[in-house]
Amino acid sequence: MEQHNEIVQLVGSSIQDCDPDRKLEDVEFHAIIEDITFKVARSMGDTGRTEVNDEDRKFVEHHVRKLVLGRLLKANHGSRKPRFEKLERVVCNVGCEWVCGCVLAVNEPDPEDQNVVYPYVVKVDPPVNQPISVPFDSHDIVRPEVCFGQSADGLQLTLFCLPQIKSKARRFQVGERVACAVENSVAAPTGTMWAAGTITEVDISMEQAAEKELPEVIADKWPRGVPSVPYLVHLDAGCPVLVHKDEHWLLRDLELVGGGSRHKRMEVCQRNGSWETVDHVTRRVRPCEPPDQ
């Protein structure tokens with residue numbers, strides 16, 4: 001009996017670690033406890049053991065996580081429209097840090113268990129350069145990659161999203177009017193929007209900020225030194241934001257911002273009665289034919 005209670009407590013604790021918000025139904029909670037407890041007890045009986053060992057604990061942690069995530073993902077699948085589409089830029093919480101990347105797939109089944117469907121598979125930027133599965137479509141786990149100055153954790157997110165080396169020559173200069181991609185927030189973040197502002201600084205050093213906010217990862221994350229931030233923009237709304245990469249999906253010429261996807265470099269739009277093709281990287285504009293209706 002004492003052995004059985006120890007296993008039950010171990011499994012229950014592991015479930016709570018995987019489901020801290022207690023989203024599992026009681027019947028699912030107890031079903032997982034019974035299933036894993038039976039398997040561990042049988043393994044101990046087959047080997048003649050009377051105490052739980054490290055292998056048992058690893059077994060419990062692995063299988064509880066798989067079962068809990070599987071049930072939660074299945075319950076959440078299809079309950080709401082995904083917030084992101086393929087090729088959109090996002091940042092993902094991987095426990096000890098945030099990593100940025102591009103959405104490769106939406107509502108992707110787990111290759112090892114077709115009953116489990118992940119909201120997103122994200123290709124993480126170098127040096128990781130590998131796909132990861134996003135377990136839940138939650139703002140605490142995955143959010144749009146934007147200029148983060150308006151959020152409470154904006155400085156840390158900006159640092160986590162810095163590239164390893166300095167990017168190419170700057171597209172803008174101090175004093176130019178630009179549009180920054182920022183989170184569009186009401187009660188909760190619902191997407192992104194373009195916010196007008198003026199560039200006030202170029203190539204801002206992040207050495208001191210990194211030493212203060214992320215001292216334990218500086219050497220591993222930036223072996224060549226902490227890169228500078230391309231731009232500091234003072235928004236018309238009164239908030240300064242750091243633009244961590246000189247990319248068109250984060251920063252655009254204010255006069256050229258249209259209504260299309262911010263992740264597309266080329267945009268066809270109508271201005272002053274004429275149709276034009278805008279290249280948001282080079283900022284070049286040329287006349288074009290109206291798009292097919």
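Scan the stretch 100-107 and tell me whether some residue there is out of contact with any Lys or Arg (no Cβ under 8 Å at 6 or more places or on another chain) and either closer than 30 Å to residue 199 by Cβ or surrounded by 21 or more Cβ atoms within 10 Å (Cβ to Cβ) (or both). Steps first, answer last, please.
So the first thing to find is which residues in the stretch 100-107 are out of contact with any Lys or Arg (no Cβ under 8 Å at 6 or more places or on another chain), and the list is 107.
The next check asks that each one be either closer than 30 Å to residue 199 by Cβ or surrounded by 21 or more Cβ atoms within 10 Å (Cβ to Cβ) (or both); those that pass are none.
Among the residues of the stretch 100-107, not one is out of contact with any Lys or Arg (no Cβ under 8 Å at 6 or more places or on another chain) and either closer than 30 Å to residue 199 by Cβ or surrounded by 21 or more Cβ atoms within 10 Å (Cβ to Cβ) (or both), which makes the answer no.
Considered as a group, the residues in the stretch 18-70 that are exposed (fewer than 13 other Cβ atoms within 10 Å of the Cβ) and in contact (Cβ under 8 Å) with a residue 24 or more places away in the chain include one that is nearest to residue 134 (Cα to Cα), and that residue is 51. Name the pairs whose Cβ atoms lie under 8 Å apart, with the first residue in the stretch 264-280 and under 24 Å from residue 85 (Cα atoms), the second among the hydroxyl-bearing types (Ser, Thr, Tyr) and not in a loop (DSSP other than H, G, I, E, B), and 6 or more positions between them or separate chains? Matching pairs, first to second residue: 266/277; 267/277; 268/277. Residue 267 meets each of the listed conditions (1) at pLDDT 90 or above; (2) surrounded by fewer than 16 Cβ atoms within 10 Å (Cβ to Cβ); (3) in contact with a strand residue (DSSP E or B) (Cβ under 9 Å, 6 or more places away or on another chain) apart from (2). Within the stretch 258-292, the set of residues being more than 22 Å from residue 229 (Cα to Cα) and within 27 Å of the chain's Cα centre (by Cα) comprises 258, 259, 260, 261, 264, 266, 267, 279.
Within the stretch 27-44, is there a residue that is modelled with pLDDT under 80 and of a type outside the set (S, T, N, Q)? Yes, the stretch 27-44 contains a residue that is modelled with pLDDT under 80 and of a type outside the set (S, T, N, Q).
Going by the conditions given, is residue 108 closer than 30 Å to residue 247 by Cβ, without any contact (Cβ under 8 Å) to a residue 60 or more places away in the chain and part of a loop (DSSP other than H, G, I, E, B)? No, not satisfied. The residue of the stretch 256-284 that is farthest from residue 181 (Cα to Cα), among those that are assigned to a loop (DSSP other than H, G, I, E, B) and of a type in the set (D, E, K, R), is 283.
Condition test on residue 241, is it in contact with a Gly (Cβ under 9 Å, 6 or more places away or on another chain), surrounded by 15 or more Cβ atoms within 10 Å (Cβ to Cβ) and in the same structural domain as residue 161 (by TED's automatic domain parsing)? In short, yes.
The values are calculated or read from the model by the stated rules, or taken from the named source; none is laboratory data. Quick caveat, the model's predicted, so the values are computed rather than measured. In this analysis, Cβ positions are derived from the backbone assuming ideal geometry, glycine residues included, and neighbour counts consider all displayed protein chains.
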